Amino acid sequence: MAIVEMTKVCLLGPSADRDAAVRAVADAGVLHVLERRPAPELPTELKAQRERVERMLAALPPGDEDGPWPGAEAAAGELRRVERLVAACDEARATLERLEREHARARPWGGVEPEALERLGEAGVTVAVFEGRRSQLPADILAGFDWASVVPRPGGRVQLWVVTRGEVTLPLDRMEPPVRSLGVLRDDVRRARRVLAECLSERDEAVAVRPVLVGYRRWLDDELALATTAEGLGEGQPIFVLEGYCPTEGLERLRALRAERSLVLTTRSPAPDEAVPIALRNGPLVRTFEPLVAAFKLPRHDEIDPTPLVAPFMGVFFALCLGDLGYGILLTALAAGVLLRARLSGLRTRPSGSVRLLLQWALLLGVVSIAVGALLGNLFGVRIHELLGLSPSALLFSLVEDPSRLLMVSLGLGLVQLHLGMGLRLWLDLRRRRYQAALGSLAWLMVVPTLVPWVMGWWPGWSFGLVCVALLGFAVPVPNPWRRLGGGAWALYDIVSLLGNVASYMRLFGLGLSSGIIAMVVNTIAAVLMGGPVGTVAAVLVLVVGHAFNFAMALIGAMVHPARLQLLEFFNTFFAGGGRAYAPLRRTCQGE
């Protein structure tokens, strides 16, 4: 539950050493540089070069992106080579499209040679081809020419061939005469297609340089970051000043840099109202849940990291919603299989960082689902106690025999998580010495423990009355008494919202129960169909399709609804967030 401690840092040095000092800071890789307003312009040449790399990466087929880095000069040469290949492909494609259009215009003329049309024209004979709808043809259209013929076309259209002397004008679309014969154009189209195929084949073979271009893009990003950081630092002044935040544990790198470069280094603790960048430190299991928290909001530096609290609840909630031991085994096997195959099959099929993190997350959730699914008593819709010859009471709760226990477990988990959040809010108020706000947080923490015994008739309601008085006076601890009372009155109304938040955890019960029952229904339908070759095939199809559909729908529900419970109900009790991610100035590619 750790947010990395940050220190405010200021580096000063002579402007003559500015660029070298910025590169040294990037090599240290620990300083999150403060953004300047207005932000400096990106160097035009580097920006244009990066755009070229992006265009070529988009033009190349997908492939491996990890490989040796040959240096910026060699990478620039590969970029130019790929650009020539892509340009040749574009030119070949444009030529083919032009020839295909010309071929389409000449097709209505069939085997008529352009030279023959030209000789007939010199003799005063006009040969024309028109196209339109049959309804556009006058009834006596064929009688007005030396020779005419109507050829039916698809879609109720017709083609009119006319041979006559003089000019011809009709209310139809006139086809342009061919410039070249259809046979010549057909040969040209074949030749252009062959040239395009060769160009595309060469371009596809160039996918081997994709890692070089990806490395070149990283190198350009580094150079852009360095140039942008250096721009404006002490411009026209005898010294430059570089400010930012550094993890306290990484200050030794900057102190070594100070001694090496003869710089001045000052440090201080951030003020409470500063926008300090956030870096999280969690173990390998909890770390897989950090993207879920980051997708909502990062914590502020004066808050706590909620990831270790989200991880166990998210795992259990997901498993309850998935609702089946068999589905947990299937999810675990799929995630583990993809990860293992990627590790054994080489670089080309290795998943990207985000995909790998998602697979690791699925693997972890699948393992938890196996444990919880065994307690739920379902294995692909078959009751485990019947397979093992056990009584239902041997399980923690059976979805069929006693679903109410799953309902109580869901509500109990909701009460535990919400009260954990309210307890954390009380602790944060005390740590910040906001004692009146702490009284309000304590009142919220005691709402359910005093309301439920009163409603159940276990003890009088005076304790809940004291809680309401505390909410009225300290839920919004501001100096203005009217605003305080108004906020307190709204807090009393929000008790209904708190109870609604507790009830929201019933969705764990609903999703888990529906997943398990649908699996049982699929098995029942398959059992009814079973019998004979046709019935057996139909039963197998029902089992495969039914369980695949139920598994997919259960996965979606098990991701969306538990995440909603974490990010809305749970976070709403103690977490404000709004931090920005720690992004140190760092050279990701060791170029020239």
Q: Please work out the C-alpha center-to-center distance from the range 499-544 to the range 9-30 and express it in whole Å.
A: 63
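Let me have the 222 nm mean residue ellipticity of the chain computed from DSSP H runs of 4+ only, each contributing -39500 (n - 2.57), with the sum over all residues rounded to the nearest 500. Intermediate values should be presented prior to the final figure.
Working: 20 runs with 347 residues, N = 592.
Here the helix-only value at 222 nm equals -19500 deg cm²/dmol.
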Q: Report, by chain and number, residues whose modeled amide H sits under 5 Å from the one on residue 126, excluding near sequence neighbours (fewer than 5 apart, same chain).
A: 164, 165, 166
Q: Could you run the Karplus curve 6.51 cos²θ - 1.76 cosθ + 1.60 with θ = phi - 60° over the range 215-223 and give me ³J(HN,Hα) per residue in whole Hz, x for Gly and Pro?
A: x, 5, 4, 4, 4, 5, 4, 4, 5
Q: Set Lys and Arg Cβ to +1 and Asp and Glu Cβ to -1, take the dipole of the chain about its Cα centre, and tell me which of 406, 366, 319 lies farthest positive.
A: 406
Q: Over all directions, average the projected area of the Cα convex hull of the range 113-177 and note it in nm².
A: 4.5
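Compute the relative contact order of the range 113-177 as a whole-number percentage, counting only Cα pairs closer than 8 Å that sit 6 or more residues apart in sequence.
Details: 93 pairs, mean separation 27.2, N = 65.
The value is 42 percent.
Any idea what the dipole of the chain comes to, in debye rounded to 20, about its Cα centre with Lys/Arg Cβ at +1 and Asp/Glu Cβ at -1? Each step should come with its number before you reach the end.
Details: 62 positive and 59 negative charges, 221 e Å.
The dipole of the chain has a size of about 1060 debye.
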Q. Please state the equivalent ellipsoid semi-axes for the chain: what are the square roots of 5 times the Cα gyration tensor eigenvalues, largest first, in whole Å?
A. 64, 44, 27
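How would you order 467-474, 48-55, 255-262, 440-447 from highest to lowest mean count of nearby Cβ atoms within 10 Å?
Values: 467-474: 19.6, 48-55: 16.0, 255-262: 13.4, 440-447: 21.9.
Top of the packing list down: 440-447, 467-474, 48-55, 255-262.
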Q | Dipole of the chain, positive end: most advanced residue of 308, 446, 562 [Cβ charges, Cα centre] | A | 446
**Q.** C-alpha center-to-center spacing [the range 401-440, the range 90-159] in angstrom
**A.** 81
Q. What order do you get for 435, 245 when you list them from fewest to most C-beta neighbours inside 10 Å?
A. 435, 245
Q) Tell me, what HN-Hα J-couplings in whole Hz come from the Karplus equation 6.51 cos²θ - 1.76 cosθ + 1.60 at θ = phi - 60° for each residue of the range 77-90, using x for Gly and Pro? A) x, 5, 4, 5, 5, 5, 4, 5, 5, 5, 5, 5, 5, 4
Q | Projected-area average for the range 307-573 over all orientations - Cα convex hull basis, square nanometres | A | 20.0
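So how do 478, 338 line up by other beta-carbon neighbours within 10 Å, fewest first?
On the way: 478 11, 338 18.
Lowest count first: 478, 338.
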Q. In what sequence do 462, 361 fall when counting other Cβ within 10 Å, fewest first?
A. 462, 361
Q.
Cβ neighbours within 10 Å, averaged per peptide: list 101-114, 317-330, 165-178, 510-523 in order, most packed at the top.
A. 317-330, 510-523, 101-114, 165-178
Q) Sorted by mean Cβ packing within 10 Å, highest first, what order do the peptides 406-416, 150-160 take? A) 406-416, 150-160
Q) What are the ³J(HN,Hα) values, in whole Hz, obtained from phi via the Karplus relation 6.51 cos²θ - 1.76 cosθ + 1.60 with θ = phi - 60°, for each residue of the range 405-414 in sequence order, with x given for Gly and Pro? A) 5, 5, 4, 5, 5, 4, 5, x, 4, x
Q: Compute the Cα gyration tensor for the range 42-95, then decide on rounded, prolate or oblate, letting a ≥ b ≥ c be the square roots of its eigenvalues: rounded whenever a/c is under 1.5, prolate when a/b is larger than b/c in the other cases, and oblate in all that remain.
A: oblate
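All of the numbers you see were taken from the coordinates with simple rules; none came from a lab. Since we're looking at a predicted model, the values are computed, not measured. Positions of Cβ are backbone-derived with ideal geometry, glycine not excepted, and every protein chain shown enters the neighbour counts.
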